[in-house]
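Asker: Would you mind keeping the following structure in view while I ask a few things?
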Amino acid sequence: MKTNTIKRQLAAGVAALALGAMATAANAADNGKYRVGIVTFLSGPAAGPFGIPSANAAKVIVDGLNKGALPAPYNTKGINGAEIEAVVIDEAGGATKQVEEFRNLVQRQKVDAVVGYISSGDCLAIAPVAEELKALTVFYDCGTSRLFTDNTKPTYTFRTGLDAAVDNIGAVRYLAATKPDVTKIAGIQQNYAWGQDSWTDFTESLAKLMPKAKVVESQMPKVFQGQYGAEISALSVKRPQVVHSSFWGGDMEAFVLQANARGLLDDAVALLTCGESALDRFKDQAPNGTIIGARGPFGAFAPDNELNTWFVKAYTDAYGMAPTYPATKMAHAILGLKAAAEKAGGNNGSVPTAEATAAAFKGATFESVSGTAKMARADGHQAVQPISYGTYKYDPKTGKASIENIITFSGECVTPPDGTTSDAWIKAGFPGAVCN
Amino acid sequence: MLSFIAVLIDGTIYASWLFLVAAGLTVIYGVMRILNMAHGSFYAIGAYAAASAIGWYFSDGTGSAGMSFLLLIGCAIAAGLVVGTLVERGLLRFMYGRDEILMVIITYALLLILEDAMKLIWGVNPYFAYQPYTALGRSTIAGLKVSNYDLALIGVAVVVGLALWGWLERTNLGKILRAVIHDREVASAMGVNVRRMFFLTFIIGTTLGTLAGALTAPSISVVPGIGVEVIVLAFAVVVVGGLGSIEGAAVGALLLGLSRAMAVHFAPQFELFVIYGVMSLVLAIRPQGLFGRTLARKI
């Protein structure tokens, strides 16, 4: 109940932040501040697990940067000395609405950069508009592999999060390293592009890295279905050893709860590529040993560096809980933007142009809460970072969950080389992969 | 063989849930001729109320499973009474006698308002209240492990169905309600307080919606939007069974539940389509639904 009260307070705080930011932005078109549009889900099913933590992280990082409170190399105030002003927008409503919101941010609210977007559909819709408007845009979370294959000559668009294919290549590499004798694998995914693409990347990688493992069952229920009784039975009767799922949010938590209660997870290990986002909510409902990921070196998998230590403390002090991976990804993206804008230079206190910042961002290497990130793919517009997986462990005495048996795979081990699509790279057997 | 047994078990469990969700919708339509789009919100309010109460009850780690079930049902009834009274007294009573299409639009507006009201009250973060779900343990039927909570849901659906049927068919109040269903003008002329019957029906329908949500809450993560997802399924059930028919809702739920379970087990690629496929097939053969009566239009 206490947790629920905290959650309500968080939501109210974010709503207040959004309203306040929008109110001030509307009447201050050119106030010498570095204005950043923050776009993430503030309503709808993705808000709780992803959007609210992301918006909270944006507030923590923006406040910290404006005070000059972060450790080096981000210990200078604001961005290039200019105070950062966040304009927070709700990502809910679909791609068409988001394109309108994006145009509004750029043309009416005159933001200097936009950091945002969880939905792959929104990213794909926004990218060409951002290029058309010459608006510096940093995609922080969406995972679609098509972002830079559809948008082949990006100038103003960057992605600091990882491609979704990386999640599943990493997942198979983790299985191959920890459970090489597994022969029966099943999967359950949400029936839309995210789930279907994840399952394709996973099964194709499985065929190359664990050829003895066979897929015995695949289920694709409707997104937000919530009830998985029949699917769990269908998985159970095939007696899989591992059940892969790219489920997220309430669907993931409901599936784990129901599958555990039904005994499916007594006999099979769940592999949850987005599992870390519910680390504090699973409690004793996810069996110890469940394999979880965080879509990169984020959340509980973030490295033990000075920046992350500061971020975890500031976030925990503000919201009473440790940041999950969407929060870390947002912090990571804003730090990438600051690094690029300050590299672009100009007088202290001035706001560098989108062109100069984009040129500095391209191919850059920057330090972040998630370690060192290299913008080394998609002609310098897509970040390359390692990915980690580990197993869930819950301590009933303390009521705390942790991750153990962590294995981290380098970016070069799980990311297709520049100019190669993930699908082609997987089918070719990962040529050129450099694994640690 | 195991797959066929699984289809039977899964289909019956899912049908029970569908019936619980759809029962209130069909009761309200049967008596009041209101296609209540806000029924999904009543379901969500029941789920949130139950999840909050269960979270509070188990917050110190000393709650008992038996009491948590009473809490679920108590929350559902309390939420149903409060929300039903507010909506009927505060809105719907001013709208009686309006066109059915207008009532759909009014209740749709109500759904949107209630969705936002729920965000204001409970926020957008998920609520997890699993203790009652896991407390009952599980059984093994022909090699298939099944949650006892899910099996208990079948019993609850049967009890609710029989109670509704008994109330309508075997009590004086039920006879009065059937008179209202048959012809509200004649019933009114015979001294029946139709508006009081409407109020009573709406409270029962709302409470059935909140009960369905409260009983579902322990097995899901309660998040914004669950009511919207559910209302589409509930409509499919009542349309297949025949609008306003309790026995139709039961048969419709069973038909859709078993069809969906068969698709999941034997043709998962059709799982998304099967419920609406069956609905289309039924409507093509019997446009009024399986138990619906063809009515002459009054001019």
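Asker: Taking the stretch A:228-240 as the region of interest, how many residues are over 22 Å from A:Phe50 (Cβ atoms) and either in contact with a strand residue (DSSP E or B) (Cβ under 7 Å, 6 or more places away or on another chain) or not in a helix (DSSP H, G or I) (or both)?
Answerer: 9
Asker: Given the conditions (1) buried (at least 19 other Cβ atoms within 10 Å of the Cβ); (2) under 25 Å from A:Tyr319 (Cα atoms), and given that A:Val111 satisfies all but one, which numbered condition is not satisfied?
Answerer: (2)
Asker: Can you find a residue that is more than 10 Å from chain B (Cβ to nearest Cβ) and either of a type in the set (Val, Ile, Thr) or part of a helix (DSSP H, G or I) (or both) anywhere in the stretch A:210-219?
Answerer: yes
Asker: Regarding A:Asn191, is this residue in a helix (DSSP H, G or I) and not aromatic (Phe, Trp, Tyr)?
Answerer: Working: in a helix (DSSP H, G or I): no; not aromatic (Phe, Trp, Tyr): yes.
Taking the combined requirement at face value, the residue does not satisfy it.
Asker: Out of all the residues in the stretch A:226-245, which are at the interface with chain B (Cβ under 8 Å from one of its Cβ atoms) and under 26 Å from the mean Cα position of the chain (by Cα)?
Answerer: A:Gly226, A:Gln227, listed by residue number.
Asker: Scan the stretch A:71-104 for residues that are among the aliphatic types (A, V, I, L, M) and surrounded by 14 or more Cβ atoms within 10 Å (Cβ to Cβ) and jot them down.
Answerer: A:Ile79, A:Ala82, A:Ile84, A:Ala86, A:Val87, A:Val88, A:Ile89, A:Ala92, A:Ala95, A:Val99
Asker: Something else: Kindly indicate which of A:Tyr156, A:Tyr192, A:Tyr140 is within 14 Å of chain B (Cβ to nearest Cβ) and of a type in the set (Ser, Thr, Tyr). Before you say what the answer is, go through the steps one by one.
Answerer: Numbers: A:Tyr156 fails: within 14 Å of chain B (Cβ to nearest Cβ); A:Tyr140 fails: within 14 Å of chain B (Cβ to nearest Cβ).
Every option except A:Tyr192 fails the conditions.
Asker: Testing B:Arg195 on (1) assigned to a strand (DSSP E or B); (2) touching a residue at least 40 places away in the same chain (Cβ under 8 Å); (3) surrounded by fewer than 17 Cβ atoms within 10 Å (Cβ to Cβ), one condition comes back false. Which one is that?
Answerer: Among (1) assigned to a strand (DSSP E or B); (2) touching a residue at least 40 places away in the same chain (Cβ under 8 Å); (3) surrounded by fewer than 17 Cβ atoms within 10 Å (Cβ to Cβ), the lone unmet condition for B:Arg195 is (1).
Asker: Still on this structure, please answer the following. Would you mind telling me which numbered condition in (1) modelled with pLDDT under 95; (2) among the small types (Gly, Ala, Ser); (3) surrounded by fewer than 24 Cβ atoms within 10 Å (Cβ to Cβ) A:Gly48 fails?
Answerer: Looking at each condition in turn, A:Gly48 falls short on (3).
Asker: Another one. Sort out which residues of the stretch A:344-354 are in contact with a Phe, Trp or Tyr (Cβ under 8 Å, 6 or more places away or on another chain) and not small (Gly, Ala, Ser), and write them in order of number.
Answerer: Hit for the stretch A:344-354 is A:Val351, nothing else.
Asker: Shifting gears a bit: B:Ile226 is checked against (1) closer than 26 Å to B:Phe69 by Cβ; (2) crowded, with 24+ Cβ neighbours inside 10 Å; (3) more than 12 Å from every other protein chain (Cβ to nearest Cβ) and fails just one. What number does that condition carry?
Answerer: Exception for B:Ile226: condition (3).
Asker: Out of (1) outside the structural domain of A:Thr324 (by TED's automatic domain parsing); (2) buried (at least 18 other Cβ atoms within 10 Å of the Cβ), the odd one out for A:Phe311 is which?
Answerer: (1)
Asker: Quickly run through the stretch B:137-176 and pick out the residues that are within 14 Å of chain A (Cβ to nearest Cβ), free of Cβ contacts under 8 Å to residues at least 24 places away in the same chain and either on the phi < 0 side of the Ramachandran plot or part of a helix (DSSP H, G or I) (or both).
Answerer: Once the filter is applied, which keeps residues that are within 14 Å of chain A (Cβ to nearest Cβ), free of Cβ contacts under 8 Å to residues at least 24 places away in the same chain and either on the phi < 0 side of the Ramachandran plot or part of a helix (DSSP H, G or I) (or both), the stretch B:137-176 yields B:Arg138, B:Ser139, B:Thr140, B:Lys145, B:Asn148, B:Ala152.
Asker: Can you tell me which residue within the stretch B:96-124, out of those that are at the interface with another protein chain (Cβ under 10 Å from one of its Cβ atoms) and free of Cβ contacts under 8 Å to residues at least 40 places away in the same chain, is surrounded by the most Cβ atoms within 10 Å (Cβ to Cβ)?
Answerer: So, considering only residues that are at the interface with another protein chain (Cβ under 10 Å from one of its Cβ atoms) and free of Cβ contacts under 8 Å to residues at least 40 places away in the same chain, the one surrounded by the most Cβ atoms within 10 Å (Cβ to Cβ) is B:Gly123.
Asker: Also, quick follow-up: Looking only at the stretch A:157-175, decide whether some residue is in the same structural domain as A:Ser410 (by TED's automatic domain parsing), over 28 Å from A:Phe366 (Cβ atoms) and hydroxyl-bearing (Ser, Thr, Tyr).
Answerer: No, the stretch A:157-175 contains no residue that is in the same structural domain as A:Ser410 (by TED's automatic domain parsing), over 28 Å from A:Phe366 (Cβ atoms) and hydroxyl-bearing (Ser, Thr, Tyr).
Asker: Another question about this same structure. So is B:Leu144 modelled with pLDDT of 95 or more and farther than 26 Å from B:Ile54 by Cβ or not?
Answerer: no
Asker: Still on this structure, please answer the following. Which of the residues that make up the stretch B:49-95 are touching a Leu at 6+ places or on another chain (Cβ under 6 Å) and more than 14 Å from chain A (Cβ to nearest Cβ)?
Answerer: B:Ala76
Asker: Is it the case that some residue within the stretch A:297-316 is within 14 Å of chain B (Cβ to nearest Cβ) and part of a helix (DSSP H, G or I)?
Answerer: no
Asker: Are any residues in the stretch A:253-289 within 23 Å of B:His265 (Cα to Cα) and out of contact with any strand residue (DSSP E or B) (no Cβ under 6 Å at 6 or more places or on another chain), and if so, which ones?
Answerer: Result: A:Phe255, A:Val256, A:Leu257, A:Gln258, A:Ala259, A:Asn260, A:Leu264, A:Leu265, A:Asp266, A:Asp267.
Asker: Search the stretch A:355-383 for residues being surrounded by fewer than 22 Cβ atoms within 10 Å (Cβ to Cβ) and touching a Lys or Arg at 6+ places or on another chain (Cβ under 7 Å), and hand back the single one that is nearest to A:Trp310 (Cα to Cα).
Answerer: Out of the qualifying residues, it is A:Thr365.
Asker: In the stretch B:1-46, what residues are within 30 Å of B:Asn125 (Cα to Cα) and facing chain A (nearest Cβ under 10 Å)?
Answerer: B:Asp10, B:Ile13, B:Tyr14, B:Trp17, B:Leu18
Asker: Taking the stretch B:3-39 as the search range and keeping residues that are assigned to a loop (DSSP other than H, G, I, E, B), among the aliphatic types (A, V, I, L, M) and crowded, with 24+ Cβ neighbours inside 10 Å, which one is modelled with the highest pLDDT?
Answerer: In the first step, residues of the stretch B:3-39 are kept if they are assigned to a loop (DSSP other than H, G, I, E, B); the result is B:33-38.
If we keep only those that are among the aliphatic types (A, V, I, L, M) as well, we get B:34-35, B:37-38.
Adding the requirement that they be crowded, with 24+ Cβ neighbours inside 10 Å leaves B:34, B:38.
Details: B:Ile34: 92, B:Ala38: 97.
Restricting to residues being assigned to a loop (DSSP other than H, G, I, E, B), among the aliphatic types (A, V, I, L, M) and crowded, with 24+ Cβ neighbours inside 10 Å, the top hit is B:Ala38.
Asker: Please work out if B:Ala234 is part of a helix (DSSP H, G or I) and touching a Leu at 6+ places or on another chain (Cβ under 6 Å).
Answerer: Yes; evaluated as a whole, the condition is true for this residue.
Asker: To continue, here is another question. Would you call A:Glu276 in contact with a Phe, Trp or Tyr (Cβ under 7 Å, 6 or more places away or on another chain), over 25 Å from B:Gly213 (Cβ atoms) and not aromatic (Phe, Trp, Tyr)? Walk me through how you get there before you give the answer.
Answerer: Working: in contact with a Phe, Trp or Tyr (Cβ under 7 Å, 6 or more places away or on another chain): yes; over 25 Å from B:Gly213 (Cβ atoms): yes; not aromatic (Phe, Trp, Tyr): yes.
Judged against the criteria, A:Glu276 is a match.
Asker: Every residue in the stretch B:69-89 that is small (Gly, Ala, Ser) and either surrounded by fewer than 21 Cβ atoms within 10 Å (Cβ to Cβ) or free of Cβ contacts under 8 Å to residues at least 24 places away in the same chain (or both), please.
Answerer: B:Gly74, B:Ala78 - these are the residues of the stretch B:69-89 that are small (Gly, Ala, Ser) and either surrounded by fewer than 21 Cβ atoms within 10 Å (Cβ to Cβ) or free of Cβ contacts under 8 Å to residues at least 24 places away in the same chain (or both).
Asker: Report yes if B:Tyr133 is in a helix (DSSP H, G or I), at the interface with chain A (Cβ under 9 Å from one of its Cβ atoms), within 30 Å of A:Ser43 (Cα to Cα) and within 21 Å of the chain's Cα centre (by Cα), otherwise no.
Answerer: Yes, satisfied.
Asker: A further question follows. Condition check: farther than 21 Å from A:Thr290 by Cα, outside the structural domain of A:Gly48 (by TED's automatic domain parsing) and charged (D, E, K, R). Does A:Lys212 satisfy that?
Answerer: Yes: the conditions hold for A:Lys212.
The values are calculated or read from the model by the stated rules, or taken from the named source; none is laboratory data. All figures in this text were calculated on a predicted structure; none of them were measured in a lab. All Cβ positions, even for glycine, are placed from backbone atoms using ideal geometry, and neighbour counts span all protein chains on display.
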